[in-house]
Amino acid sequence: MSVVTVQLGQCGNQIGFEVFDALYTDSHCPQGLCSKRENEAYQASCKERFFSEEENGVPSARAILVDMEPKVTNQTLSKAAQSGRWKYGQHSCFCQKQGSGNNWAYGYSVHGPRHEESIMNLIQKEVEKCDSLSGFFIIMSMAGGTGSGLGAFVTQNLQDQYSNSLKMNHIIWPYETGEVIVQNYNSILTLSHLYRSSDALLVHENDAVHKICAKLMNIKQISFSDINQVLAHQLGSVFQPTYSVEGSCHYRRNPLGDLMENLVPHPEFKMLGIRNIPQMSENSLAYSTFTWAGLLKHLRQMLISNSKMEEGIDWQVRPPLSRLPTLGKASLNRELQFNTSIANLVILRGKDVHSADLGGFKDPALYTSWLKPINAFNVWKTQRAFSKYEKSAALVSNSQFLLKPLDTIVGKAWNMFASKAYIHQYTKFGLEEEDFLDSFTLLEQVVASYCNL
């Protein structure tokens, strides 16, 4: 089954390019540590998901590029074409000459309705190329105007027109000290609208990825390109094919459906995060060896202590005792900053993958009391190595990981709203104060729900 990717705004288009490039590079990597037959099956499965075949034999990304300014989309199209390995389709791009000026309302209320027909027609043409549609993967920032405002509008339209297809939004959470004064408004409006129309929100925080670049990749002058390559690596480690059942050599057919089924058991809880291990520079990798026991011990502690990378993990945090009453458990969580999960999916790739012991992730103390570990935890495996790592593990988690950043962003937006700061910039494009209040109400409910796990 195929996934149609919608790249929105500068951020969405730049990340989208890196994701397709990482997927293609990995699937054509000769050092997959598996048989030729298995490698060919892996390549075919990746291609079916993310690329379609063109007449000249160069694979074409199953993607639509949307931006209100031409500069980034033009750069993205030419970078893909110049690679000579894969490209974007001839009619896969929609752009205009005037951006959204970091204004969510302009993207949502002006650009959205004005260009709805053109954008939805492009998406429909891409959908028609798929033999079978798994769903939509929508890449966007939530702090600017086009990605966030137009992104929310397009997601809503996809929900209306393709109600039976799954929609996963990949959202880039802004730097806490961002340069856009109204980023908190844009963020709460984006999140509240997506919560109504998307099936899952896969969130990456810029601050966390920046730290990975600095501390794990040893990059001195960090660029957006560096950050986007880390994001693409993490997304690739989740979306590349894995076996459908233990011991089988058949790959899963429905990437988005399988993810949602394992990770989103209730529509009130849609926030997903990714952690990867190992992640390091080529130089460090040459001197490193890994065992599954070591990798999984670190990954489990990253989960429960809410650490985004293996450096600087707080080993003091322990799961609360399962037998504690709920009230005690909740207060202990706050005291130790224990990260309670609703559902976790571990994806293992590489050598001796079937020998990995995942018992530590099946501890009931890791999960909310209303889901048993047998329903809350899943594992996917393949012996085919990912990227340059002989062994690697990814964890996709639906947990309390975003509680603090979400609470912070809602609080900052509320403080601005209470003093009516910049509201006129939104009301002049048709948004009303009531829309802000609806967004606050919905997100405060989301915070409360995750708090009470």
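The values are calculated or read from the model by the stated rules, or taken from the named source; none is laboratory data. Keep in mind that what you see is a predicted model, and the values were worked out from it rather than measured. Here Cβ is always computed from backbone atoms with ideal geometry, including for glycine, and neighbour counts include all displayed protein chains. Heads up: the accessible areas ignore ligands, DNA and RNA and are worked out on the full protein's heavy atoms, side chains in. Shrake-Rupley method; radii C 1.70, N 1.55, O 1.52, S 1.80 Å.
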(request) Can you tell me the order of 74-84, 361-371 when each peptide is scored by its average per-residue count of other Cβ atoms within 10 angstrom, highest first? (result) 361-371, 74-84
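Go through the stretch 17-69 and name the GluC sites (Glu not before Pro) that are in a DSSP coil and have 13 or fewer other Cβ atoms within 10 Å of their Cβ. Show your work: numbers first, answer last.
Values: sites: E18, E38, E40, E48, E53, E54, E55; in loops: E53, E54, E55.
Hits after loop and neighbour filter: E53, E54, E55.
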(request) Could you pull out the pairs from K404/K428; K47/K388; K47/K71; K47/K211 whose alpha carbons sit more than 25 Å apart here? (result) K404/K428; K47/K71; K47/K211
(request) With runs of 4+ DSSP H residues as the only contributors, calculate the mean residue ellipticity of the chain at 222 nm using -39,500 (n - 2.57) per run, divided by the residue total and rounded to the nearest 500. (result) -13000 deg cm²/dmol
(message) With a 1.4 Å probe and all protein chains left in place, how much accessible area per residue does the stretch 404-452 have, in Å²?
(response) 55 Å²
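Which three semi-axes in whole Å describe the equivalent ellipsoid of the stretch 1-89, each the square root of 5 times a Cα gyration tensor eigenvalue, listed largest first?
Working: eigenvalues 130, 29, 28 Å².
Three semi-axes, in Å: 25, 12, 12.
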(request) Once you have the Cα-Cα distance between S223 and L442, take 0.36 nm times their residue separation minus that, and quote the gain in nm to one decimal. (result) 75.4 nm
(request) Please list 142-151, 269-278 highest first by mean number of surrounding beta-carbon atoms within 10 Å per residue. (result) 142-151, 269-278
(message) Within the chain, what whole-number % of the accessible surface is contributed by carbon and sulfur, with the 1.4 Å probe and all protein chains included in the calculation?
(response) 50 percent
(request) With only alpha-carbon atoms counted, please give the Rg and Dmax of the stretch 2-272, in Å. (result) 17.9, 54
(message) Net charge within 12 Å of Q7 by Cβ-Cβ distance, Lys/Arg positive one each and Asp/Glu negative one each, not counting Q7 itself?
(response) -2
(message) Suppose the Debye formula is applied to equal point scatterers at every Cα of the stretch 133-227; what is log10 I(q)/I(0) at q = 0.16, 0.18 Å⁻¹?
(response) -0.69, -0.82
(request) With P(r) over Cα pairs in 20 Å bins from 0, in percent defined as stated, name the option among [x] 24, 51, 21, 4; [y] 25, 59, 15, 0; [z] 22, 57, 20, 1 computed from the structure displayed. (result) [y]
(request) State log₁₀ I(q)/I(0) for the stretch 404-452 at q = 0.14, 0.19, 0.21 Å⁻¹ as given by the Debye formula over alpha-carbon point scatterers of equal weight, solvent excluded. (result) -0.38, -0.64, -0.75
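Report, for the stretch 2-272, the % of DSSP beta bridges that are antiparallel, rounded to 5. Working shown, then result.
Working: 3 of 33 bridges.
If we restrict to bridges inside the stretch 2-272, about 10 percent are antiparallel.
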(request) Could you work out the Rg to Rh ratio of the stretch 143-291, with Rh taken as the Kirkwood radius (inverse of the mean 1/r over all Cα pairs)? (result) 1.01
